[in-house]
Amino acid sequence: MLGHCARCGRPLEEGRSVPPLCLECFIETTRLLCVPDRLDFDYCKYCGSMRLGHRWVEGGELAEASGRYLRLYLEQRVAPCVNVVEGYRLVSLAPLTEPSWRTIYSVVYEVELRGVDEPVKQEYRVEVRARPTICPMCKDARGGDYNVLLQLRGAEPSELARALEGLFNRSSQVVGSLVDVVELRNGVDLLLLDRGSASKILRELRKKYRLSVRVTGEDVGTTSTGRLRRRLVISARIRGRR
């Protein structure tokens, strides 16, 4: 006989207890995984990118970026808090409040415990706060600079504007990334802050057109530390309608 639970007094069952506690009391009183109560991350209010360590990556709309940052953290940095944990996996992640600069999420993990026959589930509440800031690319843009030149050829500017109208209406990231539009006789040049926005524009155009795309780069001077600065040049030509 295993004895009785030191907390509630119920008999301990083989495969359903973590002595000196029954399984229910152990889960109620023990934090199985080191999931933080609060996470803060830097979010560019202009282009929607977010900072991961020393890198800025595409985040998307605020609600999307908040959930994406939390998921990346939970999948890469969470560790067991007690030594009886033998395995764990993220089961669900859902906002409990309206996604905003401060969002509370319900996070559920399935956890395998030593000596327990079946996995158990434990829920955590995590407050995620986005800190509004300006990423380095957008700081450059405020001085008139840009990082991606997207050259669209093979259609008049008015036709391209109609083809991309839906994307610009629904994606604040693409709108925030756009520094300038240069209209030409047979296309347009879009001056953008980030490659992610250029990729979204190309995906939108591929819904209606067949494209040929060429990617190159050009030198645009040096940084304040003396490093060579490159600009991405994406040339896309429309070959016909789908």
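The values are calculated or read from the model by the stated rules, or taken from the named source; none is laboratory data. Nothing here was measured: the structure is a model prediction, and the numbers come from that model. Neighbour counts are summed over all protein chains in view; Cβ atoms, including those assigned to glycine, are modelled from backbone coordinates with ideal geometry.
Out of curiosity, is residue 9 of a type outside the set (Asp, Glu) and either assigned by TED's automatic domain parsing to the domain that holds residue 169 or surrounded by 15 or more Cβ atoms within 10 Å (Cβ to Cβ) (or both)?
Here the answer is no, as residue 9 does not meet what is asked.
Could you tell me which numbered condition residue 218 fails, if it satisfies all but one of (1) in contact with an Asp or Glu (Cβ under 7 Å, 6 or more places away or on another chain); (2) over 27 Å from residue 60 (Cβ atoms)?
It fails just one condition, (1).
Going by the conditions given, is residue 151 touching a residue at least 24 places away in the same chain (Cβ under 8 Å) and surrounded by fewer than 20 Cβ atoms within 10 Å (Cβ to Cβ)?
Taking the combined requirement at face value, the residue satisfies it.
For region 41-140, which strands (runs of 3 or more DSSP E) that fit wholly inside it have 3 or more residues that are under 30 Å from residue 28 (Cβ atoms) and either among the β-branched types (Val, Ile, Thr) or not assigned by TED's automatic domain parsing to the domain that holds residue 198 (or both)?
85-95, 102-113, 120-133
What is the residue count in region 40-61 for residues that are out of contact with any strand residue (DSSP E or B) (no Cβ under 6 Å at 6 or more places or on another chain) and among the aliphatic types (A, V, I, L, M)?
2
When you scan region 177-194, do you find a residue that is touching a Ser or Thr at 6+ places or on another chain (Cβ under 6 Å), in a helix (DSSP H, G or I), at pLDDT below 90 and surrounded by 14 or more Cβ atoms within 10 Å (Cβ to Cβ), even just one?
Within region 177-194, one or more residues are touching a Ser or Thr at 6+ places or on another chain (Cβ under 6 Å), in a helix (DSSP H, G or I), at pLDDT below 90 and surrounded by 14 or more Cβ atoms within 10 Å (Cβ to Cβ).
Got at least one residue in region 50-58 being in contact with a Ser or Thr (Cβ under 7 Å, 6 or more places away or on another chain) and without any contact (Cβ under 8 Å) to a residue 40 or more places away in the chain?
Yes; the residues of region 50-58 include at least one that is in contact with a Ser or Thr (Cβ under 7 Å, 6 or more places away or on another chain) and without any contact (Cβ under 8 Å) to a residue 40 or more places away in the chain.
Report yes if some residue within region 195-212 is more than 30 Å from residue 81 (Cα to Cα), assigned to a strand (DSSP E or B) and of a type in the set (D, E, K, R); otherwise report no.
yes
Going by the conditions given, is residue 160 within 24 Å of the chain's Cα centre (by Cα), part of a helix (DSSP H, G or I) and at pLDDT 90 or above?
For residue 160, the condition - within 24 Å of the chain's Cα centre (by Cα), part of a helix (DSSP H, G or I) and at pLDDT 90 or above - is not met.
Under 8 Å by Cβ, and 6 or more places apart or on different chains, what pairs join a residue from region 177-189 that is under 23 Å from residue 136 (Cβ atoms) with one that is surrounded by fewer than 12 Cβ atoms within 10 Å (Cβ to Cβ)?
From residues that are under 23 Å from residue 136 (Cβ atoms), the pairs are 179/144.
Only residues that are within 23 Å of residue 109 (Cα to Cα), more than 38 Å from the chain's Cα centre (by Cα) and of a type in the set (A, V, I, L, M, F, W, C): list them for region 7-31, please.
Across region 7-31, the qualifying residues are 21, 22.
Does residue 139 satisfy the condition of being basic (Lys, Arg) and either more than 22 Å from residue 57 (Cβ to Cβ) or modelled with pLDDT of 90 or more (or both)?
The answer is no for residue 139.
State which residue is surrounded by the fewest Cβ atoms within 10 Å (Cβ to Cβ) when the search covers only region 22-40 and only residues that are touching a Leu at 6+ places or on another chain (Cβ under 8 Å) and in a strand (DSSP E or B).
Checked region 22-40; the qualifying residue surrounded by the fewest Cβ atoms within 10 Å (Cβ to Cβ) is 39.
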